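Enquirer: Dropping the structure in here first, questions after.
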Amino acid sequence: MAMAGFSDVRPDPAIIRRAQHGDMKAHEVLYASYARPVYTLACRILDRPALADEVLQDTAVEVIRKLGDIREPETFPGWVKRIAVNKCLSQLRSPWHKRGVALDRGEGGPSLDPVQADHAPVIDAGTDLTAALAELSPLTRTVLWLYDVEGYTHAEIGNLMGKSTSFSKSQLARAHQRLREMLGDARGANECTQTSNNS
Amino acid sequence: MHADIEQLLSLRDGAAVSEATRRHVAACRQCADELDRLTLLSRQLRDLPPIEPRQTLWEGVATRVMEPPRAVFPWGQAVAIAASCVLAITLVMRSQAPEPGAVDAAAGDQFAEIVPSAPAVAPGSDYVAQSRQLEATLRAMPAAPRVTRASTAGTIADLEDRIAMIDLKLSHPGLSPQGRQSLWQQRVRLMRTLVRVRYAQVRDTL
Ligand SMILES: [Zn+2]
């Protein structure tokens, strides 16, 4: 089973210390440890490889600039994840996204306007599940991903988005409702989600 | 009555549900199946394969942290085909004043990152809105080509510098409303020029 999660990000504390002293080689090693989970998170939430590139680079720049804040090396994965999630959310708030999608409306309508419809192809678009995810509104997809995959609580998601806990709950319900409509009974489709394993 | 999806999710995740709901789901085949399905779906999401970023992204990061912050517009990140750009630019060029609905609070949030203490909307003008729309157009343009004429690259860098300078001035707390207005006006003018130069640059590479 391929893991994409932040739980696998366990850099050597000595590397963190070296990076804190400005060693760029050490920073590169750190980057290698979190690049994949950050990129996966951003791709899944934003569904645009170009924006995910931006999120990963912005996250890396912030990690380099603020690594000095880290006192306990074991907090590093959660810290990086929080930075990455915030970068994703700020992408969702950007005019680029806004022109096609009303963030607050959150309705599962078309997530693209004609101008941005021709974006780069979605990653591993072959599977039913990823295709269904792409149909969700970015906001709904974000709540689903943060809750079901990244393990955030509704209260935390509400906080991150400047919304209430019940907002997060209803978005999650909406996400599952929409996936149910699109996928039908997903049982038995398990094998289909395991293609193009990159690890 | 069957449990709704929110109740089933609460059951799945060990959150509080009424005793009646709990008893119903335990006894109802249909609801129990739905609950299983939700559990499975969550696992399928977690099992989606990781996605590998391009190798070259690190180089961009290393370059950015070595250089002093300057660029207002991160080129090389937005990907869109040229046709959609032409459309976007045509729209911007045609509509000198965007419809009021084009500006909203969330877009303001993002903009506030670029212009720290600029007001969300400048009173009595739509320069802020225009500026924002131009920003969106620029973001929607394809990445700058690898090979660019030195003169074009110089022009772009110069325009970005001048815009950055205006942003710096806009962040000054003691700015008068008139001063602010005039800065926004200049910003829009520079942004329009930048869009034209960028457009020419993209067109030349097609
Ligand atoms: Zn039932």
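Enquirer: Please order B:Met1, A:Met161 by the number of other Cβ within 10 Å, starting at the fewest.
Expert: Going from least to most buried by this count: B:Met1, A:Met161.
Enquirer: Arranged by the count of other C-beta atoms within 10 angstrom, fewest first, what order do A:Ile83, B:Ile5, A:Ile45, A:Ile157 take?
Expert: On the way: A:Ile83 20, B:Ile5 16, A:Ile45 28, A:Ile157 24.
Least crowded to most crowded, the residues run B:Ile5, A:Ile83, A:Ile157, A:Ile45.
Enquirer: Same structure, new question: I'd like the Karplus ³J(HN,Hα) series for region A:78-89: coefficients 6.51, -1.76, 1.60, θ = phi - 60°, whole numbers in Hz, and an x wherever there's a Gly or Pro.
Expert: x, 5, 5, 4, 4, 4, 5, 4, 5, 5, 4, 5
Enquirer: Once the Cβ-Cβ distance between B:Lys169 and B:His2 is put in as r, and R0 is 45 Å, what FRET efficiency do you end up with, to the nearest 0.05?
Expert: Working: r = 61 Å, r/R0 = 1.36.
Once rounded, the FRET efficiency stands at 0.15.
Enquirer: Determine, from the Cβ-Cβ distance of A:Val29 and A:Asp128 and an R0 of 22 Å, the FRET efficiency 1/(1 + (r/R0)^6), rounded to the nearest 0.05.
Expert: Values: r = 37 Å, r/R0 = 1.70.
About 0.05, to the nearest 0.05.
Enquirer: To continue, here is another question. From the backbone phi of region B:153-161, what are the Karplus-calculated ³J(HN,Hα) couplings (6.51 cos²θ - 1.76 cosθ + 1.60, θ = phi - 60°) in whole Hz, Gly and Pro given as x?
Expert: Working through the residues one at a time gives 4, x, 4, 4, 4, 5, 4, 5, 4 Hz.
Enquirer: Which ³J(HN,Hα) values in Hz, rounded to whole numbers, follow from the phi angles of region A:34-45 under the Karplus curve 6.51 cos²θ - 1.76 cosθ + 1.60, where θ = phi - 60° and Gly and Pro get x?
Expert: Listing the rounded values in order: 10, 4, 5, x, 5, 5, 4, 4, 5, 5, 5, 6 Hz.
Enquirer: Sticking with this structure for a sec: Count, for each residue of B:178-189, the Cβ atoms from other chains sitting within 10 Å of its Cβ, then give me the mean as a whole number.
Expert: On the way: counts 0, 0, 0, 0, 0, 0, 0, 0, 0, 0, 0, 0.
Across B:178-189, the average partner-chain Cβ count within 10 Å equals 0.
Enquirer: Separate question: Ignore the peptide's own chain and count Cβ atoms of other chains within 10 Å of each Cβ in A:135-147; give me the average, rounded.
Expert: Details: counts 0, 0, 0, 0, 0, 0, 0, 0, 0, 3, 2, 0, 4.
The shielding value for this peptide is 1.
Enquirer: Shifting gears a bit: Per-residue Cβ counts within 10 Å, from other chains only, averaged over A:54-62: what number is that?
Expert: Details: counts 7, 2, 6, 11, 4, 1, 7, 6, 0.
Other-chain Cβ atoms within 10 Å of each residue's Cβ, averaged: 5.
Enquirer: I need A:Trp145, A:Trp79 ordered by Cβ neighbour count within 10 Å, fewest first. If you can, show how the numbers build up before the last one.
Expert: Values: A:Trp145 23, A:Trp79 19.
The fewest-first ordering by Cβ neighbours comes to A:Trp79, A:Trp145.
A short reminder: the numbers here are calculations on the coordinates, not readings from a lab. If you're wondering where the values come from, they're calculated on a predicted model, not measured in any experiment. Cβ atoms come from the backbone with ideal geometry, glycine included; neighbour counts cover every protein chain shown.
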